[in-house]
C-alpha cells in the first residue's frame, strides 16, 4: 500500500511581525495572515500531489488571538486527508511574545486544494498520523468532507439566486 505520513507533509516557518503587517488596530491584518497561510498550506499539499494545485476552499477559519508588533508567528501546516484529486491541509499559527516567551494559539484553519490536471490523481492510498493532534484531525476528515458535500448541495440553490447584474 502506498502511504505517506502527516509529518512527511509538515511545513514549518516563522515570521516576525513587522510594521508593514499591521492594520489600524496595530495587529496583523487578516489578509496578511491568509496570504502566509495559503503559501504554507500549498507546500504541504504539493508534497502529496506532486502536481500543480489550486486553492479550492478555506474552512473553519478561526482568528483566536491577535498577533502584535514584535511577536513571532510560527506557521505549521500538514495534510490531514485526501481524496482522488483533493487534499485537505490543517494550518495553525502559534504566536510568541518574544519579550516574555509566552506562546499562544492565534489562528487555525483547514484548506482544500485540488489538482489542476484532470488526468492526475493523488498517488497515495493512506495517510498515517503520528501525533495525538494528527490522529484527532485525520480521524475527523471524513466527517468534515461530509459537511462540505452537504454545504455544496445547499449552495447550489443559493448560488442560482446571486445576481450578476450591474448594480448601477
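Calculate for the chain the 222 nm mean residue ellipticity that helices alone would give, adding -39,500 (n - 2.57) per DSSP H run of length 4 or more and normalising by residue count, nearest 500 deg cm²/dmol.
Value at 222 nm, helices only: -9500 deg cm²/dmol.
Translational diffusion coefficient of the stretch 74-168 at 37 °C, 0.692 mPa s, Stokes-Einstein with Kirkwood Rh over Cα pairs, in µm²/s as a whole number.
D, rounded to a whole number, is 200 µm²/s.
Report relative contact order for the stretch 88-165 in percent, whole number only (criteria: Cα-Cα under 8 Å, sequence separation at least 6).
With pairs under 8 Å counted, the relative contact order is 19 percent.
Quick one: plug the Kirkwood hydrodynamic radius of the chain (C-alpha pairs) into Stokes-Einstein at 37 °C, 0.692 mPa s, and report D in µm²/s.
Rounded to a whole number, D works out at 189 µm²/s.
Return the Rg/Rh value of the stretch 108-159, two decimal places, where both radii are evaluated on C-alpha atoms and Rh is the Kirkwood radius.
Radius of gyration relative to Kirkwood radius: 1.04.
Please give the peptides 19-29, 107-117 ranked by average Cβ packing (other Cβ atoms within 10 Å per residue), highest first, as a rough proxy for protection.
Order by mean packing, descending: 107-117, 19-29.
For the stretch 1-65, what are Rg and Dmax over the alpha carbons, in angstrom?
14.8, 52
With contacts defined as alpha carbon pairs under 8 Å and 6 or more residues apart, what's the relative contact order of the stretch 3-159 in percent?
That works out to 28 percent.
For the stretch 68-109, list log₁₀ I(q)/I(0) at each q in 0.14, 0.21, 0.28 Å⁻¹, using the Debye formula over Cα point scatterers of equal strength and ignoring solvent, two decimals each.
Values, matching the q order: -0.41, -0.66, -0.90.
Where a number appears in this text, it was derived from the coordinates with a stated rule and is not lab data. As the structure is a computational prediction, the values presented were derived from the model and not from experiment. All Cβ positions, even for glycine, are placed from backbone atoms using ideal geometry, and neighbour counts span all protein chains on display.
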